[in-house]
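All remarks here apply to the structure that follows.
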Amino acid sequence: MSSEKNSKSISVTLRVWRQAGPNKPGQFVEYPAHNLSPNMSFLEMLDVVNDELTVKGQEPIAFAHDCREGICGTCSLVINGEPHGPHEGVASCQTYIRSFADGEVVTIEPFRAAPFPVIKDLVTDRSAFDKIQQAGGFITARAGSAPDANATSISKVDADLAMDAAQCIGCGACVAACKNASAMLFVAAKVSHLGILPQGQAERDKRVLAMVNTMDDLGFGGCTNQYECSAACPKLISHDFISRLNGDYIAASFRSMFKQAPAQTDGGAG
Amino acid sequence: MNPLGHLFCSTIGRKVIMAVTGIVLIGFVIGHLVGNLQVFEEPDRINGYAQFLHTLGPVLWVMRITLLVCAGLHIWAATVLTIEDRKARGAVDYRTKTWIQATLSSRYMRWTGYVVLAFVIYHLAQFTLGSVQSASYKENLPEYTMNADYHVMGIPVVHAGTHVHDVRSMVILGFSQPIVAFFYIFAVGLLSLHLLHGAQSLFQTLGLRNSSWGKALRAIVTLACLAYFLGNLAIPGAVLTGHLKLNPASASSTP
């Protein structure tokens, strides 16, 4: 990239969704953002705008952020209609001002999904994902310490595949990008990451049934196989995992029909 | 939950219903086209074929009811899923709506579905029930006399000399009205577009697609949809361009 382009300052107009609180009416408000360094991150630009708003005595724009290095999944903006902005495999925090043209009007919206209600401005409550995780996104076997982990051999292919799925940072961009606000890519990543590994086999059927059930109960939509989710995913998680989730769910549904249930399920030995 | 509960009550289950009924309906439309292409051979073929289907009696009804149930479930699942999907977005939608990579055919599944449904209703009214364009309906046309036996897998099923409905003339007279022929071509075009997404999507829904063969699947489905469209275009196209003509016997006896 030329140094000339990187040194020239950029001015844009922000069109931001402002909403005072949950269930309050919201609206778009325009803010000018002048003399921005092209090498500023998108969130740094919002910090600068917020500083100006604070100095003027106005309410700063609320937006979610934490690590600012693309690994925590906290940032959650829809920039010009695309979750996490224009670049592939990049979170909002790693999007830079040089990606925008001088004078451009940049629309910033919160993730839109019924299970992700807006808390304030651009901040949404994504605890629905935690509820899905709590339904089955864990193993009950003792994983032990590092040497114990090595006692179970795992093929390189399976390990790599599981790690591809485990890259999910739970940001919710898949839900935001899907026209049905479907959480299938998130659930697929969580189900696959444990389901591919030997340690995850004990609860494999129970996990996929419980997580899909919770996903449906929380009001996420269905998958139309348009793959907008994987295109928006900052970790580029493949929609192949959705196919795997579907297969796992179908198989688990059939197996659950023939599974013998214990006489009582509560209490341990003695 | 029992498996039937999983099938009807979960989003994935309803998608499985879409996929499985889709397979049945795709099988039907392909078989239907292959059967109909016999119109390009001598009149004995298509008329004998139609007569053979009618002689199946209860088997024909089992097939018809299966297709109706599949179409019904396909539409039911689509409707329920669409209602849920719209609710899932929440009260406020995006101001800026963009597509990142969704294919054209996937974006218009609902609209192509509506047109195909309207077409199927007209198609049944025209050729199966005779409630529209009844002047050219098979029961109102002079009967056709078979010149030779019609064979299915080497077995003669309709014998020479049998009086049968003149399906061939019904098709040619039906498509002689350009507006009907063009609607037919338009609808099968949209059906092909519907299948372009649907036939790939069902593999994903059933957990069979992945990127190791996803491109091959796309290529196969695209070619199949193109072939399906051209096959369907051939019949009204040949009537409109005059390549498919009434046979002299029925032409002379038709007022």
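Those residues that are within 12 Å of chain B (Cβ to nearest Cβ) and either on the phi > 0 side of the Ramachandran plot or touching a Gly at 6+ places or on another chain (Cβ under 6 Å) (or both), I need them from the stretch A:185-212; list them, please. Hits for the stretch A:185-212 are A:Ala210, A:Met211.
Filtered by the rule that a residue be outside any loop (DSSP other than H, G, I, E, B) and either more than 11 Å from A:Lys190 (Cα to Cα) or more than 28 Å from the chain's Cα centre (by Cα) (or both), the stretch A:136-151 gives A:Ala146, A:Pro147, A:Asp148, A:Ala149, A:Asn150, A:Ala151. The set of residues from the stretch A:138-174 being touching a helix residue (DSSP H, G or I) at 6+ places or on another chain (Cβ under 7 Å) and at pLDDT 95 or above comprises A:Ala162, A:Ala165, A:Ala166, A:Cys168, A:Gly170, A:Gly172, A:Ala173, A:Cys174.
Looking across B:Ala181, B:Ala234, one residue alone is touching a Pro at 6+ places or on another chain (Cβ under 6 Å), of a type in the set (Gly, Ala, Ser) and touching a residue at least 24 places away in the same chain (Cβ under 8 Å). It is B:Ala181. The residue that is surrounded by the fewest Cβ atoms within 10 Å (Cβ to Cβ), among those in the stretch A:47-73 that are at negative phi, of a type outside the set (D, E, K, R) and free of Cβ contacts under 8 Å to residues at least 24 places away in the same chain, is A:Val55.
May I ask you to verify whether B:His194 is crowded, with 16+ Cβ neighbours inside 10 Å and within 14 Å of chain A (Cβ to nearest Cβ)? The answer is yes for B:His194.
Note on the stretch A:124-164: residues that are in contact with a Ser or Thr (Cβ under 9 Å, 6 or more places away or on another chain), more than 14 Å from every other protein chain (Cβ to nearest Cβ) and crowded, with 21+ Cβ neighbours inside 10 Å amount to 1. Within the stretch B:103-149, the set of residues being of a type in the set (Phe, Trp, Tyr), part of a helix (DSSP H, G or I) and either on the phi > 0 side of the Ramachandran plot or within 14 Å of chain A (Cβ to nearest Cβ) (or both) comprises just one member, B:Trp111. One residue stands out among those in the stretch A:213-223 that are crowded, with 24+ Cβ neighbours inside 10 Å and at the interface with chain B (Cβ under 7 Å from one of its Cβ atoms): the one that is nearest to the chain's Cα centre (by Cα), which is A:Phe220.
Condition check: polar (S, T, N, Q), surrounded by fewer than 21 Cβ atoms within 10 Å (Cβ to Cβ), closer than 27 Å to A:Gly70 by Cα and touching a residue at least 60 places away in the same chain (Cβ under 8 Å). Does A:Gln199 satisfy that? I'd like the intermediate steps shown before the answer.
On the way: polar (S, T, N, Q): yes; surrounded by fewer than 21 Cβ atoms within 10 Å (Cβ to Cβ): yes; closer than 27 Å to A:Gly70 by Cα: no; touching a residue at least 60 places away in the same chain (Cβ under 8 Å): yes.
So A:Gln199 does not fit the description; no.
Taken over the stretch A:232-241, the criterion of being in contact with a helix residue (DSSP H, G or I) (Cβ under 7 Å, 6 or more places away or on another chain), assigned to a helix (DSSP H, G or I) and at the interface with another protein chain (Cβ under 7 Å from one of its Cβ atoms) is satisfied by A:Ala232 alone. Counting residues in the stretch B:89-101 that are surrounded by fewer than 19 Cβ atoms within 10 Å (Cβ to Cβ), within 14 Å of another protein chain (Cβ to nearest Cβ) and in contact with a helix residue (DSSP H, G or I) (Cβ under 6 Å, 6 or more places away or on another chain) gives one or more. Do we find that B:Leu202 is on the phi < 0 side of the Ramachandran plot, within 14 Å of chain A (Cβ to nearest Cβ) and in a helix (DSSP H, G or I) in this structure? Here the answer is yes, as B:Leu202 does meet what is asked. Hey, any hits in the stretch B:217-231 for a residue that's at negative phi, within 14 Å of chain A (Cβ to nearest Cβ) and not hydrophobic (A, V, I, L, M, F, W, C)? Yes. The condition of being touching a residue at least 24 places away in the same chain (Cβ under 8 Å) and more than 28 Å from A:Ser41 (Cα to Cα) holds for only one of A:Ala165, A:Ala149, A:Ala141, A:Ala113, that being A:Ala141. Can you confirm whether A:Ser253 is surrounded by 24 or more Cβ atoms within 10 Å (Cβ to Cβ), facing chain B (nearest Cβ under 9 Å) and either of a type in the set (Ser, Thr, Tyr) or closer than 20 Å to B:Gln101 by Cβ (or both)? It is true that A:Ser253 is surrounded by 24 or more Cβ atoms within 10 Å (Cβ to Cβ), facing chain B (nearest Cβ under 9 Å) and either of a type in the set (Ser, Thr, Tyr) or closer than 20 Å to B:Gln101 by Cβ (or both). The single residue among B:Gly31, B:Gly22 that is away from every other protein chain (no Cβ under 11 Å), free of Cβ contacts under 8 Å to residues at least 40 places away in the same chain and either touching a Gly at 6+ places or on another chain (Cβ under 9 Å) or surrounded by fewer than 16 Cβ atoms within 10 Å (Cβ to Cβ) (or both) turns out to be B:Gly31. Candidates in the stretch A:16-49 are the residues that are within 25 Å of A:Gly73 (Cβ to Cβ) and part of a strand (DSSP E or B); of these, the one that is farthest from the other protein chains (Cβ to nearest Cβ) is A:Ser41. Here A:Gln167 meets the list (1) more than 10 Å from every other protein chain (Cβ to nearest Cβ); (2) among the polar types (S, T, N, Q); (3) buried (at least 23 other Cβ atoms within 10 Å of the Cβ) almost entirely, failing just condition (3). For the stretch A:10-38, a residue qualifies if it is crowded, with 16+ Cβ neighbours inside 10 Å and either under 24 Å from the mean Cα position of the chain (by Cα) or free of Cβ contacts under 8 Å to residues at least 60 places away in the same chain (or both), and the qualifying residues are A:Leu14, A:Arg15, A:Val16, A:Trp17, A:Arg18, A:Gln19, A:Gly26, A:Tyr31, A:Ala33.
Applying the set (1) within 13 Å of chain B (Cβ to nearest Cβ); (2) over 20 Å from A:Ile242 (Cα atoms); (3) surrounded by 20 or more Cβ atoms within 10 Å (Cβ to Cβ); (4) in contact with a strand residue (DSSP E or B) (Cβ under 7 Å, 6 or more places away or on another chain) to A:Phe100 leaves exactly one unmet item: (1).
The values are calculated or read from the model by the stated rules, or taken from the named source; none is laboratory data. Treat the numbers as computed from the prediction; the structure is a model and nothing was measured. Neighbour counts run over all protein chains shown; Cβ positions are idealised from the backbone, glycine included.
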